Amino acid sequence: MQPDEQALCFPCDGDWLTAVLSPIGPGALARRGVLIVVGGPQYRAGSHRQFALLARSLAAAGIPAMRFDYRGMGDSGGDPRTFEAVDLDLRTAIDRFIAAVPGMQEVVLWGLCDAASAALFYARHDRRVAGLVLANPWARTSDGLARATLKHYYVARLLQPAFWKKLVSGRFDVRGSLGSLVGLVRSARGGAAPAMQVPTPAVPAPGLRERMLAGWQGFRGPILLITSGADLTAQEFLDMVKASRPWQKLLADPRVQRQTLAAADHTFSRREWRDQVAGWTAAWVRSW
Amino acid sequence: MHAAASPPQPFFLDTGAAARFCLYHAPLGPCRGAWLFLHPFAEEMNKARRMVALQARALAQRGHAVLQIDLHGCGDSAGDFADATWEGWLDDVARGAAWLHERSGQAVALWGLRLGALLALDHARHGNAPPALLLWQPVLNGSQALTQFLRLKVASQMLTEGGDNGGTAALREVLAAGQPLEIAGYTLAPALAQALDHLDATRLPPPACPVHWFELVADAARPLPPAAARVAEAWCRQGAHVRTQAVAGPQFWATQEIAECPALLDATIAALTGTIHAA
């Protein structure tokens, strides 16, 4: 029987952070835990509770896990901030996590989307961070998004018979869709940003890719990269890698392990995908 | 400027499979009232979390005890969403209310958002008359809410399989045959779907307590949505004390990014404490 989860509240520069710890079985010891870093417009439970379930699954596999809300998100106090300004939140959460689990000395940061990018920024500055799990990392720039959308979404849609059936039967919004396609083409050529809804911060961050590259280069521990096949964010990250020698070199390093879920979407919104991600994570954390 | 309130206290009510995540906001100064918050359905709960935290803190600053409870299979509470039932959620409401009553010494009023508001209304009619109800954009018709949720599945099928496969009617048949459905990452059990299908605020007796009812509209000059106005008027005709108010702001439980609506926070404080919070 798994021990019960613990609710935690701790200060971070004058504000209070809320966290939930999933401990491992009584008497068991673990040197290493997983701190789940939350990305996008989500709080610590995650989209469709993915992080709550991931933490429970890791704890059941003997790996303590904690998840928390940044300042300004979920139940935590303070003003909202972007994923580019959460270093102190991460440091404070790691302090609390390590204090809460006797014998635990190091953590793996597990981040989805912009939380993967935030984890990359932070990891090299804290020796307690032993490894990184990066799921569908956020490397968005406006032209990168436009290219990825054109290549992976519209092309796929145009090849689907149902798309044409809809078009012929008049159920497809031709004007609206062509409008957004034109916007994307313009953006892919360096014009205006596309009007399409994207899953996370709408404003591309200047220098984001450079910061991510520096973070990856500066971090010495192992990295597990998980990408979804049906996710523009992941495709954009992989497109960036394909177009860059330094990135290709980093990903070819033996300390990097890669897993791909071809059918999965951005947040792994099916039980089979979620469970697969949890399984890969547990096996990898215990493999080194 | 208000004195600093103590930090909200997260805890698990009970243990094991019965563990329900709770967040208690202790009142600053003498306790003037107690509110149990009931969250909306599925992803709406995640998106609304920030607004609820802001409102709960603002109420605690003004002397109200507030308890947030995550229902069975939701948020940080134990269990899987697939195992949740409406009856189980009603039990959770009773448990949360009992804890808050004991802690605060006050009769416990209910504050619900969207489907949480319908849960509050359903709880109130089972002989549990609260001293007051605060409804934020209540879902009035469970069947319509279910249809909207099923549409997420239809849209996803259209994108991945390229066909609409009979729409929500076909999905209802699957549920009626006893099969759960995985929708946007949540496994919807047939029993919960069936319970939602039979919930209709227009058929509930009018609440026997004051009701503070807020609807978010695109423009403050707009009237209340017709369905809300109809139900509120019907309850008033039957002698209920219902105060409706339309507030301009984003539908923060459904926005892509996390949205705040200060006008709703202020209007709620004004309604519940009788004071106008300076802007």
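I'd like to check something: does segment A:68-75 contain any residue that is more than 14 Å from every other protein chain (Cβ to nearest Cβ), in contact with a Pro (Cβ under 8 Å, 6 or more places away or on another chain), surrounded by 20 or more Cβ atoms within 10 Å (Cβ to Cβ) and touching a residue at least 24 places away in the same chain (Cβ under 8 Å)?
Within segment A:68-75 (the criterion being more than 14 Å from every other protein chain (Cβ to nearest Cβ), in contact with a Pro (Cβ under 8 Å, 6 or more places away or on another chain), surrounded by 20 or more Cβ atoms within 10 Å (Cβ to Cβ) and touching a residue at least 24 places away in the same chain (Cβ under 8 Å)), the answer is no, since none of the residues qualifies.
Does B:Thr268 satisfy the criteria of being polar (S, T, N, Q) and open to solvent by 20 Å² or more (accessible area, probe 1.4 Å)?
Details: polar (S, T, N, Q): yes; open to solvent by 20 Å² or more (accessible area, probe 1.4 Å): no.
Criteria not met by B:Thr268.
Please count how many residues of segment A:238-275 are open to solvent by 50 Å² or more (accessible area, probe 1.4 Å), within 14 Å of chain B (Cβ to nearest Cβ) and in a helix (DSSP H, G or I).
3
Being under 20 Å from B:Leu152 (Cα atoms) and either modelled with pLDDT of 95 or more or basic (Lys, Arg) (or both): is that true of B:Pro180 here?
Spelling it out, B:Pro180 is indeed under 20 Å from B:Leu152 (Cα atoms) and either modelled with pLDDT of 95 or more or basic (Lys, Arg) (or both).
For segment B:1-52, give me each residue that is of a type in the set (A, V, I, L, M, F, W, C), within 21 Å of A:Cys9 (Cα to Cα) and assigned to a loop (DSSP other than H, G, I, E, B). Don't jump to the end; show me each part of the working.
Residues of segment B:1-52 that are of a type in the set (A, V, I, L, M, F, W, C), as a first pass: B:1, B:3-5, B:11-13, B:17-19, B:21-23, B:26, B:28, B:31, B:34-38, B:41-42, B:45, B:48, B:51-52.
If we keep only those that are within 21 Å of A:Cys9 (Cα to Cα) too, we end up with B:3-5, B:11-13, B:19, B:21-23, B:26, B:28, B:36-37, B:45, B:48, B:51-52.
B:Ala3, B:Ala4, B:Ala5, B:Ala19, B:Ala26, B:Leu28 - these are the residues of segment B:1-52 that are of a type in the set (A, V, I, L, M, F, W, C), within 21 Å of A:Cys9 (Cα to Cα) and assigned to a loop (DSSP other than H, G, I, E, B).
Would it be correct to say that B:Ala78 is aliphatic (A, V, I, L, M), in contact (Cβ under 8 Å) with a residue 60 or more places away in the chain and open to solvent by 10 Å² or more (accessible area, probe 1.4 Å)? Steps first, please.
Numbers: aliphatic (A, V, I, L, M): yes; in contact (Cβ under 8 Å) with a residue 60 or more places away in the chain: yes; open to solvent by 10 Å² or more (accessible area, probe 1.4 Å): yes.
The answer is yes for B:Ala78.
Okay, residues lined up against (1) modelled with pLDDT under 95; (2) assigned to a loop (DSSP other than H, G, I, E, B); (3) open to solvent by less than 20 Å² (accessible area, probe 1.4 Å):
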{"residue": "B:Glu87", "(1), (2), (3)": "no, no, no"}
{"residue": "B:Val93", "(1), (2), (3)": "no, no, yes"}
{"residue": "B:Gln106", "(1), (2), (3)": "no, yes, no"}
{"residue": "B:Leu119", "(1), (2), (3)": "no, no, yes"}
{"residue": "B:Gly127", "(1), (2), (3)": "yes, yes, no"}
{"residue": "B:Gln148", "(1), (2), (3)": "yes, no, no"}
{"residue": "B:Lys153", "(1), (2), (3)": "yes, no, no"}
{"residue": "B:Leu159", "(1), (2), (3)": "yes, no, no"}
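Looking for whichever is open to solvent by 10 Å² or more (accessible area, probe 1.4 Å) and more than 9 Å from chain B (Cβ to nearest Cβ) here; the options are A:Ala55, A:Ala60, A:Ala65. Which one fits?
A:Ala60
Looking at (1) surrounded by 15 or more Cβ atoms within 10 Å (Cβ to Cβ); (2) within 14 Å of chain A (Cβ to nearest Cβ), find the lone condition where B:Pro262 falls short.
Every condition holds for B:Pro262 apart from (1).
Give segment B:182-199 a look and list any residue that's open to solvent by less than 10 Å² (accessible area, probe 1.4 Å) and away from every other protein chain (no Cβ under 12 Å), or say none.
Answer for segment B:182-199, where residues must be open to solvent by less than 10 Å² (accessible area, probe 1.4 Å) and away from every other protein chain (no Cβ under 12 Å): B:Leu192, B:Ala193, B:Leu196.
Of everything in segment B:12-46 that's within 9 Å of another protein chain (Cβ to nearest Cβ) and open to solvent by less than 30 Å² (accessible area, probe 1.4 Å), which residue is farthest from the chain's Cα centre (by Cα)?
B:Gly16
Within segment A:7-27, is even one residue open to solvent by 30 Å² or more (accessible area, probe 1.4 Å), within 30 Å of B:Phe252 (Cα to Cα), part of a loop (DSSP other than H, G, I, E, B) and more than 12 Å from chain B (Cβ to nearest Cβ)?
We begin by selecting, within segment A:7-27, every residue open to solvent by 30 Å² or more (accessible area, probe 1.4 Å); these are A:9, A:11, A:13-16, A:26-27.
Now narrow it down to the ones that are within 30 Å of B:Phe252 (Cα to Cα): A:9, A:11, A:13-16.
Still in the list and also part of a loop (DSSP other than H, G, I, E, B): A:13-14.
This time we only want the ones that are more than 12 Å from chain B (Cβ to nearest Cβ), so: A:13.
Yes, because at least one residue in segment A:7-27 is open to solvent by 30 Å² or more (accessible area, probe 1.4 Å), within 30 Å of B:Phe252 (Cα to Cα), part of a loop (DSSP other than H, G, I, E, B) and more than 12 Å from chain B (Cβ to nearest Cβ).
Let's see how each residue does on (1) open to solvent by 60 Å² or more (accessible area, probe 1.4 Å); (2) modelled with pLDDT of 95 or more; (3) assigned to a helix (DSSP H, G or I):
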site	(1), (2), (3)
A:Gly179	no, no, yes
A:Ser187	no, no, yes
A:Gly191	no, no, no
A:Leu213	no, yes, yes
A:Leu224	no, yes, no
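Among strands (runs of 3 or more DSSP E) lying entirely in segment A:31-136, which contain 1 or more residues that are under 16 Å from the mean Cα position of the chain (by Cα), modelled with pLDDT of 95 or more and under 16 Å from A:Gln6 (Cα atoms)?
Values: elements: A:32-37, A:65-68, A:106-112, A:129-135.
So the answer is A:32-37, A:65-68.
So, B:Pro7, is that one under 25 Å from A:Phe51 (Cβ atoms) and open to solvent by 30 Å² or more (accessible area, probe 1.4 Å) or not?
yes
Go through A:Arg49, A:Arg91, A:Arg81 for me and flag whichever is open to solvent by 20 Å² or more (accessible area, probe 1.4 Å), among the charged types (D, E, K, R) and within 14 Å of chain B (Cβ to nearest Cβ).
After applying the criteria, what remains is A:Arg81.
The values are calculated or read from the model by the stated rules, or taken from the named source; none is laboratory data. Just so you know, these numbers come straight off a predicted model, no measurement behind them. Note: ideal-geometry Cβ built from the backbone for every residue, glycine included; neighbour counts use all protein chains shown. Only protein heavy atoms, including side chains, enter the accessible area calculation; ligands, DNA and RNA are left aside. Shrake-Rupley method; radii C 1.70, N 1.55, O 1.52, S 1.80 Å.
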